[in-house]
Structures are given as structure tokens and as C-alpha cells.
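Everything on this sheet refers to the single structure shown next.
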Amino acid sequence: MEYYTTFFLFLSFLLTFIYALKNFGRRNSRLPPGPYPLPIIGNLLEIGNKPHRSLAALSKRYGSLMSLMLGSKTTIVVSSPDITKEFFLTNDQSFSGRVITEFTRSVDHYKFSLVFSQTGDQWRRLRRITNEYLLSMKCLNDSELIRRKKVQELLEHVNRCSLEQKAVNIGSTVFTTVLNILSTLIFSSDFSQYDSVSSQEFKELVWALMKYGGKANLADFFPILKPWDPQGIARQGSIHMQKILTIFDKLINQRLQTRSTLSSYGDVSSTCNDVLDLLLNLKQKDDSEFSQNHLGHLLVDLFVAGTDTTSTNVEWAMAELIRNPDKMATARSELAKLMQYNNRGIEEQDIDQLPYLGAIIKETFRLHPPVPLLVPHEAIDDVEVHGFIVPKNAQIFCNLWAMGRDPNIWSDPEKFIPERFLEVEIDYKGRYFDLIPFGTGRRICPGLNIAHRMLHMTLGSLIHKFDWKLEGDMRAQDMDMGEKFGLTLQKDVPLMAIPIKL
């Protein structure tokens with residue numbers, strides 16, 4: 001946004017006189033408080049390239065229910081658990097809309113997406129299909145062996161790196177693990193191998209979608225600019241979205257050809273019977289209800305959201321544990337105690353018996369929420385909240401990052417203290433509004449339960465059998481903990497650490 005500062009200021013001063021004549025004193029007094037907007041551009045200059053931080057700073061001045069004008073778009077920012085509950089529990093239906101941005105219009109993604117479509121019949125159908133064929137408790141229990149096998153492959157890779165005293169790119173390595181879990185579950189094949197170029201290419205493709213999806217787009221704030229796409233976000237979004245859809249379409253068409261060939265020979269027993277086959281059976285029953293377009297876009301949602309958020313969270317957790325070796329030792333002691341009579345690795349049945357590991361994951365979510373502003377909601381109606389009006393079509397940011405570092409909610413909020421979760425009954429399943437990294441209400445992330453399992457399995461396995469030191473003998477306190485903002489919040493400098501076999 002800084003590249004447009006001079007232009008905006010010039011335009012702002014040029015039109016100030018006209019604006020003042022027409023609009024003096026007309027700021028809607030029933031909106032929540034907020035900084036007074038400049039003519040035309042509103043509060044855009046106050047956002048910056050890390051909006052979770054700048055909005056947190058503004059909320060300290062204007063309150064935890066705040067309004068801004070981003071160009072022509074009324075924006076409401078929520079930064080406290082109580083007000084979040086008012087929005088997404090008391091008034092959940094009224095605030096369950098989605099802002100249709102120029103990015104989500106890329107190849108009509110918003111029309112077919114589970115994440116970005118409006119909460120109508122199609123959204124409910126996609127939600128039901130996703131749960132029934134992939135994310136129900138039965139489906140998760142049936143697919144446990146796949147996840148266990150892929151985590152074992154992760155450990156074998158880490159062990160090879162340990163023998164070679166080679167640094168592991170934690171985020172990229174976990175990304176490959178999660179990618180292969182999903183691809184095996186859905187397509188019955190790995191998408192990538194460790195240290196392969198293909199894994200990095202897919203990761204870069206996913207991050208590009210996250211980056212452009214989370215970037216402030218002038219065409220969204222000033223509809224008159226849409227035909228010109230001044231930042232190229234719509235164009236780049238379409239290019240990257242089409243690339244990933246092409247990958248999935250190719251795999252779907254190959255499977256359809258295989259099914260057709262087998263069917264012509266009367267042999268249907270050799271099909272994979274994986275999630276793709278189940279979804280193609282559904283498509284075959286009624287293409288108008290669930291078409292190949294629906295399938296392709298659903299796969300985009302599953303792979304993009306599933307791989308990036310999980311790998312990012314494990315990377316942040318590992319970074320915090322390396323910086324806090326006493327916390328690492330406590331977690332490893334808990335794992336060793338549980339496993340001392342079992343000659344095996346961690347299994348999903350062990351998760352409930354690992355409260356400190358769970359506390360580490362919760363504390364990581366608090367300090368480093370994967371989606372710091374959640375996916376923006378949109379008001380479907382005018383709604384009164386705390387005596388203020390949230391107008392229809394306003395976009396709503398829920399600033400999880402600000403809530404996680406609020407000293408009125410958490411003691412020593414800047415410190416990594418997993419113990420804070422040991423004596424309190426708080427989970428992240430949408431019921432406790434102090435900690436909602438997966439969202440809450442009808443828009444809660446449907447992948448919560450599979451992410452819960454993968455996070456515990458991957459993080460627990462990485463610290464159970466290995467100690468870790470930073471590449472180049474860097475001191476842990478010198479680690480770069482900077483972040484880069486997109487739809488997710490990633491480490492700016494990837495975590496490179498050398499595993500030491502215990």
C-alpha cells in the first residue's frame with residue numbers, strides 16, 4: 001500500500017473541498033467509534049502491510065468494537081471475546097455472509113467454494129458432503145493408518161537428516177507430510193517426496209494464493225478500479241487458481257478414464273475406493289447437484305487450507321519450543337513417560353493423555369493464530385450490537401492476534417507459557433471465545449478435527465525422538481521471529497533446524 005500513498009494524498013487533498021461541502025457532519029453517529037476517515041480513501045493509510053498489528057493498535061484507542069472506512073467499504077473490527085460472542089453466537093446468522101472480493105472471483109471460485117460461498121443451499125450441501133465423505137469422526141478413524149504411515153515417513157526423513165547433520169526446513173517438511181496425507185486420502189497417491197522440487201512448487205503455489213487472497217486490493221475498496229486491476233491481484237489470483245485447478249482436473253480426468261475402462265470390461269472392483277471415487281460416485285448420481293466444477297474447487301479449499309495452516313502452526317510451535325528449551329524438555333518428558341511401556345510411536349489415541357503437548361498447541365494458536373483476522377465475514381442485515389449499528393454489507397474482521405495478546409485477557413501475553421492452559425478448561429473448538437483459531441458458529445472451519453489430530457501427531461513426533469539446534473550454531477534468542485501476512489500468518493524467515501537423535 002505504501003506505493004500508493006503519494007497518489008492517495010494528492011487525490012485526497014484535491015477532493016477535500018467537494019467532500020466537505022457534501023458530507024460535512026454526516027459520519028454515521030450510530031457506527032462504532034473509529035478514526036475519522038480521510039476523503040475518498042477513508043482509513044486505508046492506517047492499515048499498512050501487517051493489518052493485524054495496525055488494527056490492534058487502533059483498537060487500543062477506539063475500543064474493541066471499532067469501525068473504519070476502507071475506501072468505500074465499511075469495515076467493523078472486533079477485538080474482544082465478549083463482542084466476538086455477540087457477533088458469532090447471538091447474531092451468527094446475520095453475520096455469516098462472505099465478502100466477495102476480486103480475488104475470490106478468480107475463475108468463479110466464490111461460486112463453488114465451501115470457504116467463500118454464501119450460506120445458502122449450495123454451501124450447506126458442500127458442508128454436508130465434506131463432512132460425510134472426509135471429515136466425520138468415522139472417516140477420521142478409518143483414515144488413521146494413513147496419517148500414522150505418513151508421520152512415520154516424516155520421522156524417517158528427519159532421521160536421515162540427523163545422520164547427515166543436515167538442517168530441516170520445518171515448515172516445508174511438515175507441508176510435504178500434510179500434503180501427502182491429504183493426497184493419499186483423496187487420490188491414493190503421494191503428491192511429493194521430501195526435498196523434492198515438486199513439494200516446494202506446490203507450497204509456493206499455495207502461498208501465492210494465500211498472499212493474494214490476504215492482500216489489500218484497491219479494486220475492492222474502489223469499485224471503479226475493477227476493470228483496471230491496478231495491483232494485478234485479480235490477474236495473478238486467476239493464474240494461480242487456474243494452475244491448481246488444472247492439477248486437480250488432470251487427476252480427476254485420469255480417474256474417470258480408468259473407471260470408464262474398467263467399467264467397459266465389467267471390472268469395477270479394481271477402483272481405489274478412496275475419497276475421490278466416493279465423490280465421483282456422488283457426481284455420477286446427480287451432476288447438477290455436485291459437478292466436476294464443484295469437485296475441483298472443493299479440492300482447492302481442502303488442500304490450500306489444510307496444508308498451509310497446519311504446517312505454519314507446527315513451524316511456529318517448533319520455533320517457540322527451540323526458544324524455550326525448558327518447555328521442550330517438559331513436553332518430551334510427558335511423551336517419554338507415556339511411551340515408556342509402549343515400543344511404538346505416538347498414536348492418535350494418545351492425544352488425550354498428552355495435556356502439556358495440547359497446551360503447547362493452544363499457546364501457539366494464541367500467539368500465532370494461523371488466520372489472524374479470520375476469513376472476513378459480511379453483515380447480511382443491519383444489526384444493533386452494544387448500542388451501535390453494524391450496517392448491511394459491512395465487512396467484519398475478528399482480530400484474533402489482538403485478542404491473543406490482550407493483557408486484560410492473558411497474563412504476560414507476550415510470553416510463551418503453555419502452562420496457562422493446564423488449569424483451565426479452554427479448547428479451540430469454537431465454544432471458548434478467548435481462543436477460536438478455527439473460527440466459530442456456522443462458519444467454523446470444517447477441518448478442525450483432522451487438523452487437531454495432525455498437529456498433535458506431527459509436533460509430538462518431532463520432539464519425542466529428536467532434540468533440535470538452529471542451523472549455523474545460531475543462538476535461539478537470536479532467531480528471527482518476524483512474520484509475513486497473507487490469509488495466513490507465516491514466519492518471514494523459514495525455521496531451519498538440525499535434528500539430534502535422542
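The values are calculated or read from the model by the stated rules, or taken from the named source; none is laboratory data. Everything quoted here is computed from the prediction, not taken from an experiment. Cβ atoms come from the backbone with ideal geometry, glycine included; neighbour counts cover every protein chain shown. These area figures cover heavy atoms from the full protein model, side chains too; ligands, DNA and RNA do not enter into them. Shrake-Rupley method; radii C 1.70, N 1.55, O 1.52, S 1.80 Å.
Ordering 90, 310, 74 by accessible surface, largest first, gives 90, 74, 310; the 1.4 Å probe counts only protein heavy atoms, with every chain in place.
Take the Cα of residue 293, step 7 Å toward its Cβ, do the same at residue 235, and the gap between the two points is 2.5 nm. For segment 232-329, a Kirkwood hydrodynamic radius built from all Cα pairs, placed in the Stokes-Einstein relation at 10 °C and 1.306 mPa s, yields a translational diffusion coefficient of 96 µm²/s.
Shape class of segment 393-464 from the alpha-carbon gyration tensor: oblate, with a/c at 1.5 or above and b/c at least as large as a/b.
Out of every Cα-Cα pair that segment 60-147 contains, those further apart than 16 angstrom amount to 70 percent. Segment 450-478 and segment 145-175 have Cα centres separated by 11 Å.
Nearest 0.05, what FRET efficiency do residue 329 and residue 273 give at R0 = 60 Å with Cβ-Cβ as r?
So, using R0 = 60 Å, E works out to roughly 0.85.
Charging the Cβ of each Asp and Glu at -1 and of each Lys and Arg at +1, and nothing else, the dipole of the chain about its Cα centre rounds to 820 debye. Dividing the summed helix terms, -39500 (n - 2.57) for each DSSP H run of n ≥ 4, by the number of residues in the chain produces a 222 nm estimate of -15500 deg cm²/dmol to the nearest 500. Per-residue extension of 0.36 nm, minus the Cα-Cα distance of residue 338 and residue 471, leaves a gain of 44.8 nm for this segment. For segment 422-430, the Karplus equation 6.51 cos²θ - 1.76 cosθ + 1.60, evaluated at θ = phi - 60°, returns couplings of 7, 10, 10, 8, 10, 10, 10, 9, x Hz by residue, with Gly and Pro reported as x. Put the Cα centre of segment 200-233 next to the Cα centre of segment 332-399 and the gap is 26 Å.
The Rg/Rh ratio of segment 138-290, with Rg taken over Cα atoms and Rh as the Kirkwood radius over Cα pairs, comes to 1.07. Only beta bridges with both residues in the chain are counted; by DSSP, about 85 percent of them are antiparallel. For segment 328-480, the residue among 433, 463, 402 whose Cα projects farthest onto the positive side of the dipole built from Cβ charges is 463.
Can you list residues whose amide H is under 5 Å from residue 291's amide H, if they're 5+ apart or on another chain and H is modeled 1.01 Å from N? Sorted by chain and number, the residues that satisfy this come to none at all. Relative contact order of segment 335-437, taken over Cα pairs closer than 8 Å and 6 or more residues apart, is 29 percent. Taken over the chain, the convex hull of the Cα atoms encloses 161 Å³ per residue. Cross-link partners of residue 60 among aspartates and glutamates, defined as those whose alpha carbon lies under 15 angstrom from its own and excluding same-chain residues fewer than eight positions apart: 46, 406.
Database remark: amide H of residue 168 closer than 5 angstrom to the amide H of 497, 498 (H placed geometrically; neighbours at sequence offset of 5 or more, or on other chains; Pro and chain starts carry no H).
With both labels modelled 7 Å from their Cα along Cα-to-Cβ, the residue 100 to residue 146 distance reads 3.3 nm. Entry note, segment 169-240: relative contact order of 21 percent, from Cα contacts under 8 Å with a spacing of 6+ residues. Taking only C-alpha pairs under 8 Å that are 6+ residues apart, what is the relative contact order of segment 212-298 in percent? After rounding, I find 19 percent. Across the alpha-carbon set of segment 345-473, the Rg to Rh ratio works out to 1.04, Rh being the Kirkwood radius. Each residue of segment 298-352 gets 102 Å³ once the volume of the Cα convex hull is shared out per residue. Solvent-accessible surface of segment 418-473, averaged per residue with a 1.4 angstrom probe and all protein chains in place: 38 square angstrom. Sequence-ordered 3J(HN,Hα) estimates for segment 218-229 from the Karplus curve with 6.51, -1.76 and 1.60 and θ = phi - 60° stand at 4, 5, 6, 8, 10, x, 4, 8, 3, x, 9, 6 Hz, glycine and proline given as x. Computed over the alpha-carbon atoms, segment 89-129 gives an Rg to Rh ratio of 1.01, Rh here being the Kirkwood radius from the mean inverse distance. Couplings for segment 363-374, taken from phi via the Karplus curve 6.51 cos²θ - 1.76 cosθ + 1.60 with θ = phi - 60°, read 5, 5, 4, 5, 7, 9, x, x, 10, x, 10, 6 Hz in order; Gly and Pro are left as x.
Dividing the convex hull volume of the alpha carbon atoms of segment 40-79 by its residue count, what do you get in Å³ per residue?
About 58 Å³ per residue, rounded to a whole number.
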